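Asks: Quick one: the structure is below, and I'll ask about it shortly.
The values are calculated or read from the model by the stated rules, or taken from the named source; none is laboratory data. Keep in mind it's a predicted model, so treat the numbers as computed, not measured. Backbone-built Cβ (ideal geometry, glycine too); neighbour counts: all protein chains shown. For the accessible areas, the whole protein counts, side chains as well, though only heavy atoms, and no ligand, DNA or RNA atoms are used. Shrake-Rupley method; radii C 1.70, N 1.55, O 1.52, S 1.80 Å.
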Amino acid sequence: MLLKLKGTYSMDLPLSNNTQKINSDIVVRALICHRDVQLGIHCLSSLIRYCTDPVKITLHDDGSLTTEDIILLEKNIPNVAIVSKIDADNFVRPLLSRYPQSLAFRDRSPTGQKMFDIPLMATGDIVLCDTDILFFRPFSGAFTWPDSSADMLFLQDTTDSYSLKPWNTNPHRLRHRYNAGLMMMRKNQYDLRQIETLIEFIENSSDYKQNEPHQWFLEQTCWSALAGTRDARIWDGKQMRVIRNNDSYSPELVAGHFVGGIRPLLQVFEIASKNSKAEKLPAVQIRSKAAADYTSFNYIQRRVLNKIIKMVGC
């Protein structure tokens, strides 16, 4: 039991099912590169296989896909739509002409393309899924809103992976353990002016300038700050989460995000899920809860807990 200090902590918050009615196909979008074509086919196929709600996949080429890549993707992902980098440039760059910080970020980084191309080219709610997220069992309700007031849904990270420390975020408010690998946002909540302000604030901060590796988290920091001013929810970490290096599979797990050096665990988890016959389990309803804030207390507490987990190996 946590001591209840000032603020809201994610362990204190109740879970609820995502049960709103779906009236049409859900378009799930992903940014993809040449290197990750096979991984993307494997992971996105698992999403289509196990999601009992109607979904379609739209892929955004980061500019590196070859003709052979496109043929392979169209052959292996049913009804996939692929947006070329040229088409994205022609659509997105004029929309960013009044936002120089945003345009510069988009032009220099694939995460910038993800930050702008997918939301701006989405015609309905923004549903984003990275190509290194594997699904293990049938599920429903992940891509539906828990209620009419929710504005954003996101994946639970192992820690707070941001370009800013919590004591340097003022006047902005961020959410705790936000991972942008799998997320939803109502289209009418996507605000270019706010994003431009956030990018300028982050890039001018000492945290960003002095810690080059954490500059990679600029996109995720922006999403977390957008969530901070909206009714944001986080999916139940027992069902969907970023996988840590000493994590273990359980049949309750629906989806895992296998980032960077954790990727070798993808095959380990997949074998474990097949051995447990997870694909034959009945579809589980995905749960979510209100997101907690990114505070100094939550930041320090999570790092202490992660160190304990690493030491005891669980």
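Asks: Consider the candidate values [x] 31, 22, 19; [y] 27, 26, 19; [z] 38, 24, 20; state which one is semi-axes √(5λ) of the Cα gyration tensor in Å computed from the structure displayed.
Replies: Only one option fits the structure, namely [y].
Asks: Sticking with this one: Collect residues whose amide H, placed 1.01 Å from N in the peptide plane, falls under 5 Å from the amide H of residue 284; neighbours closer than 5 in sequence don't count.
Replies: For residue 284, the qualifying residues are 139, 140.
Asks: Additional query: When all protein chains stay in place, what accessible area (Å², nearest 10, 1.4 Å probe) is found for residue 99?
Replies: 20
Asks: Express in Å², to the nearest 10, the accessible area of residue 71 obtained by rolling a 1.4 Å probe over the protein heavy atoms while all chains stay in place.
Replies: 100
Asks: Rank these by accessible area, largest first, 1.4 Å probe: 135, 297. Walk me through the intermediate numbers first.
Replies: Working: 135 5, 297 75 Å².
Result, largest first: 297, 135.
Asks: Further, regarding this structure: Pop out the ³J(HN,Hα) list for region 59-68 in order, Karplus 6.51 cos²θ - 1.76 cosθ + 1.60 with θ = phi - 60°, rounded to Hz; leave Gly and Pro as x.
Replies: Couplings: 9, 9, 5, 6, x, 9, 5, 9, 4, 5 Hz.
Asks: Quick one: pull the percent of accessible area on region 192-314 belonging to carbon and sulfur, 1.4 Å probe, ligands and nucleic acids left out.
Replies: 56
Asks: I want the local charge near residue 160. Using Cβ-Cβ distances under 10 Å, sum +1 for each Lys or Arg and -1 for each Asp or Glu among the other residues. Please report the intermediate quantities before stating the final value.
Replies: Numbers: positive: 165, 175, 177, 302, 303; negative: 157.
In short, +4.
Asks: Please work out how much accessible surface residue 52 shows to a 1.4 Å probe, ignoring ligands, DNA and RNA, in Å² rounded to 10.
Replies: Taking all protein chains as shown, residue 52 has close to 80 Å².
Asks: Something else now. Using a 1.4 Å probe on the protein heavy atoms, what percent of the accessible area of region 37-86 belongs to carbon and sulfur?
Replies: Exposed carbon and sulfur together represent 53 percent of the surface.
Asks: Just to confirm, what accessible area per residue do you get for the chain at 1.4 Å probe, in whole Å²?
Replies: 46
Asks: Run the reach check for residue 187 against lysines, Cα to Cα strictly under 20 Å, same-chain hits fewer than 8 apart removed. What comes back?
Replies: 21, 56, 114
Asks: Then there's this: Measuring from centroid to centroid over Cα atoms, what is the spacing of region 140-190 and region 214-267 in Å?
Replies: Cα centroid of region 140-190 versus Cα centroid of region 214-267: 11 Å apart.
Asks: Which residues' amide hydrogens lie under 5 Å from the amide hydrogen of residue 63, considering only partners 5 or more residues apart or on another chain, with H built in the peptide plane?
Replies: 85
Asks: Where the only charges are on Cβ atoms (+1 Lys, Arg; -1 Asp, Glu), what is the dipole of the chain about its Cα centre, to the nearest 20 debye?
Replies: 980
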